Amino acid sequence: MQRVSALNRLGFALFTRAGQNWRVSQGLPRSGNEMGELHDHSDWSYADGSPAPITPKQKKWMRRRETKRARIQHLLNTSVHQEEKVIPPLPRE
């Protein structure tokens, strides 16, 4: 019985990862639902046109993206600043 459950878990693990390596190798997210319009925003709205409320999970994703954006911006600014220390900018005429 124990062997059967181990095989079932192995089969399930292989099934859930199907295509993941290919998507990552193509520069895509590891699963098809990690990015895109419906990931951050709801796919419905109220009849009067007002948007649906943002879920806690959507807020978490948005905060995570904002944190990554801020980190990238900080690293970019730091590298530009360090580069200017080593190679001063050309004087403008």
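The values are calculated or read from the model by the stated rules, or taken from the named source; none is laboratory data. These numbers come from a predicted model, not from an experiment. With ideal geometry, Cβ positions are generated from the backbone for all residues, glycine too; neighbour counts draw on all protein chains shown.
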Pairs only if they're at least six apart or on different chains, beta carbon under 9 angstrom, first in segment 17-29 and over 21 Å from R65 (Cα atoms) and assigned to a helix (DSSP H, G or I), second modelled with pLDDT under 80 and not aromatic (F, W, Y); list them, first residue then second.
Q20/R30; Q20/S31; N21/R30; W22/L28
Counting only residues that are among the hydrophobic types (A, V, I, L, M, F, W, C) and loosely packed, with under 10 Cβ neighbours inside 10 Å, segment 46-73 contains a total of 1
Taking segment 53-93 and keeping residues under 29 Å from D43 (Cα atoms), of a type in the set (S, T, Y) and part of a helix (DSSP H, G or I) leaves T67
